[in-house]
Every structure is written in structure tokens, then in C-alpha cells.
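The next block holds one structure in the form of C-alpha cells; read it before the comments.
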Amino acid sequence: MSKRNLALIGATLVSIIYGVTFTIAKDVMPAYIDAYGFILLRVGGSVLLFWLAWLFMPKEKIDWNDFPRIIAAAFFGVAFNMLTFFKGLSLTSPISAAVIMVSTPMIVLTLSAIIMKERMQKRKVFGIVLGLIGTAFLILYGKSIGNATNAGLGNFLVLVNAISYGFYLIVVKKLMDKYNAFTFVKWIYLFGFLMVLPFGWNEFQAVNWAAVPEVIGWKIGFVVIFSTFLTYLLNLLSMKELKPTTVAVFIYLQPFFATVFAIGLGKDELSLVKIGSALLIFTGVYLVTMKKN
């Protein structure tokens, strides 16, 4: 199998994990742990996993002049990105959040054109628009899971997070071309942990661990190991072979998988609109990821 196909499989796996995460994270917060406390737990656990994994990897030295880029990646890809997303998710519904995240490919395409001087291909623009239409239908006619306490502010924070993640994908691309992912991702997470520490410490301390059921403990573990450690790693490995725009377009699959997961749990039902939306999303992803002859 070609490296590109492996990268595409990796990006799809990330979408499946994130699609499931919307509902799982919503079960944990704010009932058992508040948004920022959960982020501190999530980033802190991932720091340990990345540094442990690095012990078994080939060692590379990072140039000092690359550290500003690593700090920028930590801000846009970990701290600001997660703080706005989790706070937004705690205020809005999982499917609404998943849908707004879908604006990321548009943002990345625009930022790539401005910052990286990447040429806008008609096929890619058309694919992104198709995905956007499919996802809009999925949200407008899909039953929302859970309750939204302040959907307006929540949706705005999720949009800010999508813009932040778009910047991260572009900032990190140069590091990917130069180093092994394990060489710098541990630094991105360490700096990210220091950035979220002041926001999450009080909420983390306030958790009554004795009152947290075992099933919620497993869900927290899922978010730390799969939704953070594994997804960031798979995304970075995918970016070695794919452009930021291509990696970003896989976000379209998240609301689709979020809906499939919700249907599986009996929190949503299948309809013709959902099937049609899924077809539009997959066509959009195909058009963006298709290699030119």
C-alpha cells in the first residue's frame, strides 16, 4: 500500500475517533468535570504518553530557531484550540459542534492560499462546498443529541477553535517536512500543557474523584489516549504525505461519524436526508483527496 493511501486511512481513523468523541466528552463534562479541568487532564495525560513514546524513537536535535514555530503550534493546536472547543462543546450540542468544525477546510484552503501561496483548484473548492452542503443538511435535519445551555456562544467558540486549528495545520507542516513527528510533538504538548495549566488547575482540583463512576473513568481514558494522543499522532503522520487542505477536509467526516454513533446508541434515527448528506460528504472528500493524473 502506498504511503499516501496509508495517510488517507490515518486521516479517516482520526475522523471516526473525533466523531465518537463529541458524544463521549459530552457525557463527562460538565457533569463530572468542567471543560478546562478536562483539558488539563487530557493534555497532561498526553504529555506523559508522548514523552514515554519518544524514549523508544530515533533521536533528533531540534534547531533553536524552530522553537518559535513549535510554541505557535502549541498555542494554535493545543491550548487555544482545545480551550475554545471544549468550552464551546459544553455550551452547545455535540452535532452542532461537529458541524461548525466543518468550516475548517474552508479556513485552511483560504489560509493556505494567503500564507503558503497554494493555488486554489476548482475541483478542491467544489469538493469543499459539496461537503459543506452535506454537513449543513445533516445538522439542520439531524436530531440534536444532548442539551445546549448557550448555543450561540458555544457555536461561536467552536468556530474560533476551527480557525485556530486551521492555523495549526499550516504552522506544523514545515516541522513535519523537517523532523520525525515524535521529535517535536512532545514539545508541542509540553508547551501546550503549560499554557492550559492556569485555566484548568482550579477546575481539575475541584473534581470529586470518589463520585466519578467507573464508566466515566473509561470515557476520560478514551479521550486522553485515543482522542488526543493517537489522533494528533495520526494527523501528523498523515501530513507527511498530504497537504494541510487535504487533512482538513477529513473534518467533514466527523459529523457523519458523530451521527452514526448517535444512531447506534439510539440517540438519533436514520433518514433519507442523512443518507443523502452522507453521499454529499463522501463525494466532497473524494474530490479533495483525489490525486491529479
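The values are calculated or read from the model by the stated rules, or taken from the named source; none is laboratory data. None of the values given here were measured: they were computed from a predicted structure. Note that we place each Cβ from the backbone using ideal geometry, even for glycine, and neighbour counts take in every protein chain shown. Please note that ligands, DNA and RNA were not included when accessible areas were found on the heavy atoms of the full protein model with its side chains. Shrake-Rupley method; radii C 1.70, N 1.55, O 1.52, S 1.80 Å.
When residue 248 is tested against (1) open to solvent by less than 50 Å² (accessible area, probe 1.4 Å); (2) more than 24 Å from residue 50 (Cβ to Cβ); (3) touching a Phe, Trp or Tyr at 6+ places or on another chain (Cβ under 9 Å); (4) modelled with pLDDT under 90, exactly one condition is not met: (2).
Quick grid of which residues meet (1) in contact with a Pro (Cβ under 8 Å, 6 or more places away or on another chain); (2) of a type in the set (Gly, Ala, Ser); (3) open to solvent by 40 Å² or more (accessible area, probe 1.4 Å); (4) free of Cβ contacts under 8 Å to residues at least 24 places away in the same chain:
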{"site": "2", "(1), (2), (3), (4)": "no, yes, yes, yes"}
{"site": "5", "(1), (2), (3), (4)": "no, no, yes, yes"}
{"site": "15", "(1), (2), (3), (4)": "no, yes, no, no"}
{"site": "19", "(1), (2), (3), (4)": "yes, yes, no, no"}
{"site": "22", "(1), (2), (3), (4)": "yes, no, no, no"}
{"site": "30", "(1), (2), (3), (4)": "no, no, yes, no"}
{"site": "33", "(1), (2), (3), (4)": "no, no, no, no"}
{"site": "92", "(1), (2), (3), (4)": "no, no, no, no"}
{"site": "105", "(1), (2), (3), (4)": "no, no, no, no"}
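Contact map, the stretch 208-232: residues that are surrounded by 13 or more Cβ atoms within 10 Å (Cβ to Cβ) paired with residues that are charged (D, E, K, R), Cβ distance under 6 Å, separation 6+ or inter-chain. Pairs shown: 219/27; 223/42; 224/42; 228/42.
Results for (1) more than 14 Å from residue 187 (Cα to Cα); (2) in contact with a Phe, Trp or Tyr (Cβ under 6 Å, 6 or more places away or on another chain); (3) modelled with pLDDT of 95 or more, shown as yes or no for each residue.
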site: 68; (1), (2), (3): no, no, yes
site: 72; (1), (2), (3): no, no, yes
site: 82; (1), (2), (3): yes, no, no
site: 90; (1), (2), (3): yes, no, no
site: 99; (1), (2), (3): yes, no, no
site: 102; (1), (2), (3): yes, yes, no
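Residues that are touching a helix residue (DSSP H, G or I) at 6+ places or on another chain (Cβ under 6 Å) and part of a helix (DSSP H, G or I) were ranked within the stretch 107-125; the one that is modelled with the highest pLDDT is 123.
Only one of the numbered conditions (1) at pLDDT below 80; (2) touching a Lys or Arg at 6+ places or on another chain (Cβ under 8 Å); (3) over 18 Å from residue 101 (Cβ atoms) is violated by residue 176, and that is (1). Evaluation of residue 62 against the conditions (1) open to solvent by 10 Å² or more (accessible area, probe 1.4 Å); (2) among the β-branched types (Val, Ile, Thr); (3) part of a helix (DSSP H, G or I) shows that the sole unmet condition is (3).
Yes/no per residue for (1) hydroxyl-bearing (Ser, Thr, Tyr); (2) modelled with pLDDT under 90:
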site: 17; (1), (2): no, no
site: 21; (1), (2): yes, yes
site: 30; (1), (2): no, yes
site: 35; (1), (2): no, yes
site: 38; (1), (2): no, no
site: 41; (1), (2): no, no
site: 45; (1), (2): no, no
site: 53; (1), (2): no, no
site: 59; (1), (2): no, yes
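Take the residues in the stretch 251-293 that are hydroxyl-bearing (Ser, Thr, Tyr) and surrounded by fewer than 20 Cβ atoms within 10 Å (Cβ to Cβ), then tell me which one is modelled with the highest pLDDT. Across the stretch 251-293, the extreme among qualifying residues is 283. Please verify whether residue 218 is farther than 28 Å from residue 252 by Cα and either within 16 Å of the chain's Cα centre (by Cα) or part of a helix (DSSP H, G or I) (or both), treating the condition exactly as stated. Answer is no for this residue.
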